[in-house]
1. From SER111, SER133, grab the single residue that is in contact (Cβ under 8 Å) with a residue 12 or more places away in the chain, within 16 Å of the ligand (Cβ to nearest atom), small (Gly, Ala, Ser) and within 15 Å of GLY82 (Cα to Cα).
2. When the residues of the range 15-33 are filtered to those that are free of Cβ contacts under 8 Å to residues at least 40 places away in the same chain and hydroxyl-bearing (Ser, Thr, Tyr), which remaining residue is farthest from THR148 (Cα to Cα)?
3. Answer yes if at least one residue in the range 47-65 is modelled with pLDDT of 90 or more, surrounded by fewer than 19 Cβ atoms within 10 Å (Cβ to Cβ) and hydroxyl-bearing (Ser, Thr, Tyr), and no otherwise.
4. Output the number of residues of the range 79-108 satisfying the condition of being away from the ligand (no atom under 12 Å from the Cβ) and not in a helix (DSSP H, G or I).
5. Of the residues LEU17, LEU120, which single one is in a helix (DSSP H, G or I), modelled with pLDDT of 90 or more, open to solvent by less than 40 Å² (accessible area, probe 1.4 Å) and away from the ligand (no atom under 16 Å from the Cβ)?
6. Do we find that GLY35 is away from the ligand (no atom under 16 Å from the Cβ), open to solvent by less than 40 Å² (accessible area, probe 1.4 Å) and either part of a loop (DSSP other than H, G, I, E, B) or closer than 21 Å to LEU17 by Cα (or both) in this structure?
7. Run LYS75 past the list (1) open to solvent by less than 60 Å² (accessible area, probe 1.4 Å); (2) within 20 Å of LYS25 (Cβ to Cβ); (3) within 13 Å of the ligand (Cβ to nearest atom) and report the number of the one that doesn't hold.
8. Output the residues belonging to the range 123-144 that are open to solvent by 30 Å² or more (accessible area, probe 1.4 Å) and in a helix (DSSP H, G or I).
Amino acid sequence: MITLLQTPYDINAQNDLVRTTLLTKKISQSHPGIGPHSCWAGIAFYQNGEIKIQTGFSQMKNELEQSPYKNSWVKYHGELAGLAQAIEVIMGNGHQSGQLFPIVGVYIEMSPCGKCGPALQNLLPDGTTVLYSFDYATQKAAWEKAATDLCKA
Ligand SMILES: [Zn+2]
């Protein structure tokens, strides 16, 4: 089972995962096509004895090596985009399938929706804590306002 835990939306958070994800979001606003209302997620994982953080967001194009679709990329919600990025880095580092998967934590701006929740449950190691700041179902407007404020220069 994964555990969902609400945490403040704070770019100065003590938690590295929260701080790094929100800082990366803010810095990335200078890229054309990236706005405050893409949901960002950060994934923390072990690599070479260190904790690394990989981020993703809901509007990014995730490249597929072999695509059954019209395009060679797909878009996911933030948490699955982050997870896809992290898996790519982990596998690129020589991780073999069947080994204990080194993901140790997840932060998402909004809690997982009804589709991403079960996906995370299946994909993340048992016992993973998933931090989020806003409830997807009831706090979307509050998130949009907070994200707009966060991304202001
Ligand atoms: Zn979702």
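The values are calculated or read from the model by the stated rules, or taken from the named source; none is laboratory data. Everything numeric here is computed off the predicted structure, so don't read it as measured data. Note that each Cβ is placed from the backbone with ideal geometry, even for glycine, and that neighbours are counted across all protein chains shown. Accessible surface areas use protein heavy atoms only, side chains included; no ligands, DNA or RNA. Shrake-Rupley method; radii C 1.70, N 1.55, O 1.52, S 1.80 Å.
1. SER111
2. The selected residue is THR20.
3. No, the range 47-65 contains no residue that is modelled with pLDDT of 90 or more, surrounded by fewer than 19 Cβ atoms within 10 Å (Cβ to Cβ) and hydroxyl-bearing (Ser, Thr, Tyr).
4. 15
5. None of the other options fit; the residue is LEU17.
6. Against the criterion (away from the ligand (no atom under 16 Å from the Cβ), open to solvent by less than 40 Å² (accessible area, probe 1.4 Å) and either part of a loop (DSSP other than H, G, I, E, B) or closer than 21 Å to LEU17 by Cα (or both)), GLY35 qualifies.
7. Of (1) open to solvent by less than 60 Å² (accessible area, probe 1.4 Å); (2) within 20 Å of LYS25 (Cβ to Cβ); (3) within 13 Å of the ligand (Cβ to nearest atom), only one is false for LYS75: (1).
8. LEU123, LYS140, ALA141, ALA142, GLU144
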